[in-house]
Amino acid sequence: MKPPLARRMARMQRSTIREILKITTRKDIISFAGGLPAPDQFPIKEFTRAMQDALKEGASSLQYDVTEGYLPLKQFLCHWLSKRGVHCRPENMLLTNGSQQALDLLGKIWINPGDAILVEDPTYLGAIQAFNAYQARYLTVPMDDQGLRIPDVEKTLRRHRAKFTYLVPTFQNPSGITMSPERRSAFLSIAKRRALWVIEDDPYGFLRFSGETAPSLFQLAHGKGVVYLSTFSKILSPGIRLGFVVAETPVIQALVLAKQAADLQPNTLIQRAVYHYCRRGFLDRHIPRIIEAYHQKASCMLTAMDRYFPETVEWVHPEGGMFIWCRLKRGLSATRLFKEAIRRKVAFVTGTVFHANGGGDDTLRLNFTNSSPAQIQEGIRRLGLVFSKR
């Protein structure tokens with residue numbers, strides 16, 4: 001018997017990247033496809049200690065807990081974020097099962113079928129998937145090396161009404177671009193004038209290895225009209241599934257209701273373990289080690305690209321994060337070249353999946369964090385052969 005699926009399922013599709021990962025689990029393939037952190041940077045010893053600390057608290061670490069999240073961890077995060085310009089109180093924070101859940105909950109409380117969302121072009125695939133479930137439409141705005149093109153934002157908003165904006169302004173996924181401070185201020189002026197809420201997704205902002213830190217949109221807006229998302233996935237481990245949302249009280253209250261209906265609460269044991277991990281100073285000592293490792297890998301990949309890639313490929317030089325964004329010239333198709341790349345046992349992600357309204361077949365994303373320097377050198381050499389093939 002055919003299941004009675006809702007109409008919204010028509011726009012819910014499998015993640016292209018997740019499907020590619022099935023191919024790239026083959027040991028003979030060098031994969032630059034996934035957005036995977038470096039497993040050799042996971043703090044196994046320190047997190048084991050933190051888990052032991054949590055279990056020493058007794059049965060409460062294995063019991064149900066409040067939806068809003070473990071208060072001591074939220075208090076720590078508020079203090080920790082304040083040193084980075086994000087000033088907030090525990091009551092204005094919700095802990096979530098990864099920031100991906102935060103995107104889903106925001107879609108649930110904000111999106112009606114047919115609502116339009118202003119996004120970067122390209123934008124994060126996970127956000128497209130989350131918002132598609134609520135039947136959103138997209139107003140896409142192109143970027144340059146300074147981020148969103150402000151005149152295009154103005155032009156788009158004169159023609160269309162947006163429900164809210166979703167941005168990854170720092171080391172954007174997939175492009176690696178960081179929005180300039182001037183563009184951030186200009187965009188927030190537009191948003192304020194139009195009473196347009198902004199979701200600022202910041203999973204990579206703590207991973208800067210060069211250049212000057214830009215203030216978050218949340219900081220520039222003094223916490224007004226901006227919902228700030230981040231995660232422990234990139235600075236501790238993605239497997240623990242712990243993220244957080246910072247927002248004004250009415251937004252947090254609505255998100256709490258949505259989360260209660262979704263999964264009741266964040267993982268009790270993991271929250272407490274992360275708290276002990278943080279209070280022992282492990283987090284602050286660990287992040288610089290991640291940054292150094294990623295800097296070396298990014299430099300290795302960029303050097304190899306300079307050596308092996310033909311002039312038909314151009315790319316962004318990121319100042320942090322996990323990705324390098326490439327554009328193909330002379331009519332080359334990333335989709336077609338992907339098939340040849342797999343034959344040569346190397347993988348990337350085609351750019352089409354990051355373009356909410358289509359396009360982008362001349363673009364692709366490379367991840368540098370989940371490969372060794374030797375794999376990076378050999379993988380880029382293979383890709384150079386693929387891109388040089390006429």
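Name the residue from Phe387, Trp110, Leu302 whose Cα lies farthest towards the positive end of the charge dipole of the chain, charges +1 on Cβ of Lys and Arg and -1 on Cβ of Asp and Glu. Value computed over the given set: Phe387. Orientation-averaged projection of the stretch 169-250 equals 6.1 nm² [convex hull of Cα atoms, one quarter of hull surface area]. What is the distance in Å between the Cα centroid of the stretch 77-156 and that of the stretch 296-336? What the calculation gives is 26 Å, centre to centre. Remark: the Met1-Leu36 segment gains 8.7 nm on full extension, using 0.36 nm per residue and subtracting the alpha carbon distance.
What separates the Cα centres of the stretch 177-220 and the stretch 38-75 is a distance of 31 Å.
Treat every Asp and Glu Cβ in the stretch 83-134 as -1 and every Lys and Arg Cβ as +1, leave all other atoms uncharged, and give the resulting dipole magnitude about the Cα centre to the nearest 20 debye.
Working: 4 positive and 5 negative charges, 67 e Å.
It works out to roughly 320 debye.
Under 12 Å from a label point set 7 Å out along the Cα-to-Cβ vector of Gln63, no amide N atom of the stretch 240-276 is found. Taking amide H atoms as placed 1.01 Å from N in the peptide plane, the amide H of Gly320 lies under 5 Å from those of Phe209, each 5 or more residues away in sequence or on another chain. Placing a label point 7 Å from the Cα of Ala10 along the Cα-to-Cβ line, the residues of the stretch 81-122 whose backbone N sits under 14 Å from it are 113-114.
Please name which of Phe47, Ile287, Gly147 has its Cα lying farthest along the dipole of the chain towards the positive end, using unit charges on Cβ (Lys, Arg +1; Asp, Glu -1) and the Cα centre as origin. Among Phe47, Ile287, Gly147, the one farthest towards the positive end of the dipole of the chain is Gly147.
Rounded, prolate or oblate: which one fits the stretch 214-274, using the alpha carbon gyration tensor with axes a ≥ b ≥ c (rounded when a/c is under 1.5, else prolate when a/b beats b/c, else oblate)? Can you show the working numbers first?
Numbers: a/c = 3.00, a/b = 1.26, b/c = 2.39.
Judged from the Cα gyration tensor, the stretch 214-274 comes out oblate (a/c at least 1.5, b/c at or above a/b).
Max-minus-min Cα coordinates of the stretch 1-157 on each principal axis give 54, 46, 46 Å, with the largest extent listed first. Take the Cα of Ser388, step 7 Å toward its Cβ, do the same at Lys329, and the gap between the two points is 1.7 nm. Database remark: amide H of Tyr138 closer than 5 angstrom to the amide H of Ile117 (H placed geometrically; neighbours at sequence offset of 5 or more, or on other chains; Pro and chain starts carry no H).
Rounded to whole Å, the principal axis extents of the Cα atoms in the stretch 251-308 read 53, 29, 19, largest first.
222 nm [θ] for the chain, helices only, -39500 (n - 2.57) per DSSP H run of 4+, per residue, to 500?
Calculated from helices alone, the mean residue ellipticity at 222 nm is -13000 deg cm²/dmol.
Can you compute the FRET efficiency between Glu311 and Ile29 using 1/(1 + (r/R0)^6), with r the Cβ-Cβ distance and R0 = 30 Å? Round to the nearest 0.05.
On the way: r = 27 Å, r/R0 = 0.89.
The computed FRET efficiency comes out at 0.65.
Multiplying the residue separation of Thr303 and Glu340 by 0.36 nm and removing their Cα-Cα distance gives an extension gain of 11.0 nm. Along the chain, the longest continuous region that contains none of the GluC sites (Glu not before Pro) in a DSSP loop with at most 16 other C-beta atoms within 10 Å is 58-211.
Calculated FRET efficiency, His87 and Arg280, Cβ-Cβ r, R0 35 Å, to nearest 0.05? Computed FRET efficiency for His87 and Arg280 comes out at 0.90.
Name the residue farthest towards the positive end of the dipole of the chain from the options Thr249, Tyr138, Thr352, assuming +1 on Cβ of Lys and Arg, -1 on Cβ of Asp and Glu, about the Cα centre. Value computed over the given set: Thr352. At q = 0.09 Å⁻¹, work out log10 I(q)/I(0) for the chain with the Debye formula, treating every Cα as an identical point scatterer and leaving solvent out; two decimals please. Rounded to two decimals, the profile gives -0.54.
Just need the Rg to Rh number for the stretch 41-123, please, alpha carbons only, Kirkwood Rh.
Working: Rg = 17.2 Å, Rh = 16.1 Å.
Dividing the radius of gyration by the Kirkwood radius yields 1.07.
What are the semi-axes of the equivalent ellipsoid of the stretch 278-335, taken as the square roots of 5 times the eigenvalues of the Cα gyration tensor, listed largest first and rounded to whole Å?
Computed over the stretch 278-335, the values are 33, 12, 7 Å.
Computed from the coordinates by the stated procedures, all read-outs in this text should not be read as laboratory data. These numbers come from a predicted model, not from an experiment. Ideal geometry is used to build each Cβ from the backbone, glycine not excepted, and the neighbour counts take in all protein chains shown.
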